[in-house]
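The values are calculated or read from the model by the stated rules, or taken from the named source; none is laboratory data. Note that the coordinates shown come from a computational prediction; the quantities given were computed from them, not determined experimentally. Quick reminder, even Gly has a Cβ in these numbers, built from the backbone with ideal geometry, and neighbours come from all protein chains shown. Side chains included, ligands, DNA and RNA excluded: accessible areas come from the protein's heavy atoms. Shrake-Rupley method; radii C 1.70, N 1.55, O 1.52, S 1.80 Å.
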Amino acid sequence: MFRTSLRQTSRAFNLVARRTYAEAAATGGLKLNFSLPHEALYENVSVTQVNIPAVSGVSGILANHVPTIEELGSGVVDVIEGSGVKKSFFVSGGVATVQPGSKLSITAVEAFPVDAFSPEAIKAKLAEAQKNVTSADAEVAAEAAIQVDVLTALQAVAK
Amino acid sequence: MFARAGVNAARTVGMQSRNYATLREIEMRLKSIKNIEKITKTMKIVASTRLGRAQKAMALSRVYDEADSEVYTHAESAKVEQPAEPKSLIIAVSSDKGLCGSIHSQIGKATKKILAEKPTADVVVVGDKIKAQVQRSNSESIVLAFNGTGKAAPTFVEASLIADEILKLQAQKKYDSVEILYNKFVSSVSFAPTAKNLYNEETIKQSKGLSAYELDEDSNVPVAMSEFSLANSLLVAMAEGHAAEISARRNAMDNASKNAGEMINKYSILYNRTRQAVITNELVDIITGASSLD
């Protein structure tokens, strides 16, 4: 527990340290590649900041972030575009990599704008998944557990 | 028995002398070629309409793949030394349907070439056509076979279902190197069988360039990366293969329609000429008959 809090503080610290670094750097900004198997949401678009729901905790990525690879859990990817407009996408999972040279690649299996979800449908699905968690069939139970994870994360953001 | 043979011989002689039968034969042949032309033309049109969709899916999957594989280029995963005798797995991706030129045989040839170099390698085949090809020469190498893909543009669900099975296999056999063989779509008239290397978690961990990245030790990123990449690469291979197949089918059917057209022309001329000859012969018969009465 101490370790995670330590990590988070160090992360936050890094973020602050890098924020100044980013501002000092040329205004090239962060190049974002956000792609799904069936759609490319962003292809080499310059953005200001991207928040990603990594498994190890939510983190914000600015220009000149240190290269890193993060596994994404289910959660919201916030993209703050150059003009200051913020767009939120809910992803079910994926991988985010910061490449050397201020380039962020996010590959997710599915991503939809947060306001495209219907809260009623989520509630119904969640109830069904919760029922299946206790199933005797291990496979069904595992699938349901993942569903519950994703749906609770989704329920928290979709309004 | 001899009597029957004699009858048959008599019949053939009779047919040749009368000419009517050959006329009917030509007519039937002409009709069947016309039917074939109709089929190939329709198949060409279907392939043309599907090509656009397939190419779009392929372009998207390429973007997706680039984002995914950039890490490996930076991490220099390709330079990691392999064991002296690596256990290899070849995933040959093609499809179930034929009538598309040399698409499947190219992959088959490429697979056999690799198998000649690495006789101990295992093969996973995706698609019935490639399965049949590999089975002919290296049936004992096939460990897993899939079919039913490639009817429409491939989806991530298909890719991850296949990846799931391959991961189960990987857990058992611990392959050192995994490569995917697929047809890369080069242009609408050409394709090239291409091999793509996949990296397992060990290779990713040993990659020199990986130290440039900040990694979370606890969350076991290399495992997630290698599993995710497998599904992604399969998707790309299937999407490229699908686009290549559709465009090859369009070209093959275009050629077939052209050939059928040529044959139809040839046979129509032959048919008309024979018909005229038959009519002339009949006229000659009638006139000779009539003049003999005088």
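Below, the figures for the structure above:
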| read-out | value |
| --- | --- |
| Quotient of Cα Rg and 2.2 N^0.38 Å for the range B:44-250, N being how many residues it contains | 1.01 |
| Contact order relative to length of chain B, as percent, for alpha carbon pairs under 8 angstrom and 6 or more apart | 29 |
| Leading residue at positive end of dipole, chain B (Cβ point charges), from B:Tyr64, B:Ser292, B:Ser94 | B:Ser292 |
| Which listed pairs, of B:Lys41/B:Lys113; B:Lys87/B:Lys112; A:Lys131/B:Lys174; B:Lys184/B:Lys205, have C-alpha distances above 26 Å, in listed order | B:Lys41/B:Lys113; A:Lys131/B:Lys174; B:Lys184/B:Lys205 |
| In the B-A interface, the accessible area buried, summed over both sides, Å² (probe 1.4 Å) | 2200 |
| Antiparallel DSSP beta bridges within the range B:106-219, as percent of all bridges there, nearest 5 | 70 |
| Distance (nanometres) between label positions extended 7 Å along Cα→Cβ at B:Lys109 and B:Thr22 | 4.1 |
| Paramagnetic reach from B:Asp254 in the range B:182-206 [backbone N under 19 Å; point 7 Å along Cα→Cβ] | B:184-192 |
| GNM top mover of B:Asn183, B:Asn272, B:Asn232 - chain B, alpha-carbon springs below 10 Å | B:Asn272 |
| Cα gyration tensor shape for the range B:24-143, rounded if a/c is under 1.5, else prolate or oblate | oblate |
| Neighbour count of at most 14 Cβ within 10 Å plus DSSP loop: longest GluC sites (Glu not before Pro)-free window in chain B | B:82-216 |
| Computed Rg/Rh of the range A:117-157, alpha carbon atoms with Kirkwood Rh | 1.01 |
| In nm, spacing of pseudo-spin labels at B:Val186 and B:Ala78 (7 Å Cα→C-beta vector) | 1.8 |
| From the C-alpha gyration tensor of the range B:164-294, square roots of 5λ in Å | 72, 14, 9 |
| Rh by Kirkwood over Cα pairs, then Stokes-Einstein D for the protein assembly as shown at 1.306 mPa s and 10 °C, µm²/s | 60 |
